[in-house]
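Here the structure is laid out as structure tokens; the discussion comes afterwards.
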Amino acid sequence: MSRFVVEGSNRIDGKIRVQGSKNGVLPLLSASVLVSGESVFKGCPELTDVKAAINILTYLGCRAEQKDGVICVDSSGADKFTITEELMREMRSSVVFLGALLGRFGRAEMSAPGGCEIGLRPIDLHLEAMRALGAVIDETGGKLVCSCPQGLKGARISLSFPSVGATENILLAACTAKGETLLINAAREPEIIELADFLNACGAKISGAGESVIRVEGVDKLCPCEHSVWQDRIAATTYMSAAAVTGGRLELEMNRPSLLLPVIELFEKTGCVIDIKGSKINIKGASRLKKFGIIRTMPYPGFPTDSQADFAVMASVAQGTCTIVENIFENRFKYVSQLRKMGAQIRIENRVAVIEGVSRLSGANVVSPDLRGGSALVVAAMCADGITVVDDIYHIDRGYEKFEEQLKILGVKIKREE
Ligand code: EPZ
């Protein structure tokens, strides 16, 4: 297993360009199965999750390769609708291929994705929606065997929760279904808007993406096109939290800085100074962060659950007490036990974390419990006294491109050890 060794207590100072979005590119790669021909995606991040998605595309019979941030997918040769257990194990969010496989082949087989480090991750909303669109789904033995004998037909679907993945699967399945689909209580995350933009550029007729009601008029055929992947609003927040806790300075190059609006005000509440001009986001950390008070994670445009760990680290070294309520996933505080080893004063009661800020954290040996908890532990290590070793960093490699290289550019003393 590889690990990071981080020497703390130095201010970061520098400029980086924000990577392409992991949660944006994955549904786009699934969408490429729907369009017969070669789709080109520019600005893709090099991540193990992206590699896993490319492995799935290749297994399905597509020609898929990533070179210098560009992924070309020619799905004209796609001839399989099954995703093996091994491929599903590599990345549980492979369930996002379900809608595209049904749209392309009228069939889909995969093992149920199962839970992960942060929660059970049920897919009931996905399956209910696919059935509403005409799919027959057998779920026995942890396998999903789906078919739509009469083809997919538009339907009215109300989601009991604005699930991002379910919304993506519905758009993918509905855009070539017969007739119109009306989706109520859709997820409003930017990744939904980006997916709809790509599908519409391929000839789909989707309106209302980014709102709670989305209308899809089924079309017969989609033609491949080129797309520049939006940059990663979650990764950007992690890098900003590094400037915050080290009292450093950071300039991020990121189009659509408005995607960061759900977190900007909270950074400013802690005393950080943020200046946004065009695609340049400048943040200056405070010498000692002030408390931000309470955060509740919510569906977009509420505070993103994926940024919760970043703000817990900021709260750990802020003046005063902060509270974080995690409303989206049931097990997303696993990093807290590791932060406590570094001297953080955090109490957890169910989905509520109460964090008493301390003046300094101390280096320790910690283990990354999941993707966002892992990256947050590295940020904590940057402002801790002494050396911190972060183990199991394969979690971090899923979502942060060239993480230690980017941090070295910012002056962080970090090295990867195999
Ligand atoms: C996406 O996961 C993201 N992953 C997650 O990012 C992100 O945290 C999440 O959206 C919320 O923003 C990708 O895009 C690959 P959901 P997803 O369906 O689609 C419940 C990261 O760190 N639910 O909106 O799985 C579910 O249990 C990852 O990059 C059902 O009950 O999120 C959860 O409590 C982590 N039934 C809530 O909804 C369902 O059928 C939100 O899940 C589906 C979801």
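For the residue pairs Lys153/Lys221; Lys22/Lys402; Lys22/Lys67; Lys291/Lys334, the alpha carbons lie more than 19 Å apart in Lys291/Lys334.
Normalising by the residue count of the chain, find the relative contact order in percent from Cα pairs under 8 Å and 6+ residues apart.
21
Listed by chain and number, the lysines whose alpha-carbon sits under 17 Å from that of Lys277, ignoring those within fewer than 8 places in the same chain, are Lys15. Annotation: the antiparallel percentage among DSSP beta bridges lying fully within the chain is about 70. Note on region 197-276 and region 34-108: Cα centroid distance 22 Å, given to the nearest whole angstrom.
The portion of the accessible surface of the chain made up by carbon and sulfur, rounded to a whole percent, is 49 (1.4 Å probe; DNA, RNA and ligands excluded).
For the residues Thr82, Thr246, a 1.4 Å probe over the protein chains yields an accessible-area ranking, largest first, of Thr82, Thr246. Averaged over residues, the count of other Cβ atoms within 10 Å places the peptides 190-203, 364-377, 135-148, 113-126 in the sequence 364-377, 190-203, 113-126, 135-148, highest first. Heavy atoms of the protein chains alone define the surface here; on that basis region 22-228 has 39 Å² accessible area per residue at 1.4 Å probe size.
With θ taken as phi - 60° and the Karplus curve 6.51 cos²θ - 1.76 cosθ + 1.60 applied, the whole-hertz 3J(HN,Hα) list for region 251-256 is 10, 9, 9, 8, 5, 6 Hz, x standing for glycine and proline. Is the shape of region 111-247 rounded, prolate or oblate, going by the alpha carbon gyration tensor and its root eigenvalues a ≥ b ≥ c, with a/c under 1.5 for rounded and a/b larger than b/c for prolate? Note, shape of region 111-247 comes out oblate. For region 287-310 versus region 349-397, the inter-centroid distance based on Cα atoms is 16 Å. Taking amide H positions as modeled 1.01 Å from N, with prolines and chain starts lacking one, the residues under 5 Å from Thr176 and 5 or more places away or on another chain are Val219. Each of Arg92, Arg156, Arg256 has its accessible area taken with a 1.4 Å probe; listed largest first, they run Arg156, Arg256, Arg92.
Once you have a ≥ b ≥ c as the square roots of the Cα gyration tensor eigenvalues for region 22-228, tell me rounded if a/c is under 1.5, and otherwise prolate or oblate according to whether a/b is larger than b/c.
Numbers: a/c = 1.29, a/b = 1.10, b/c = 1.17.
Rounded, because the longest to shortest axis ratio a/c is under 1.5.
The values are calculated or read from the model by the stated rules, or taken from the named source; none is laboratory data. Owing to the predicted nature of the structure, the values given are computational and were not obtained by experimental measurement. Here Cβ is always computed from backbone atoms with ideal geometry, including for glycine, and neighbour counts include all displayed protein chains. Protein only, heavy atoms only, side chains kept; ligands, DNA and RNA dropped before computing areas. Shrake-Rupley method; radii C 1.70, N 1.55, O 1.52, S 1.80 Å.
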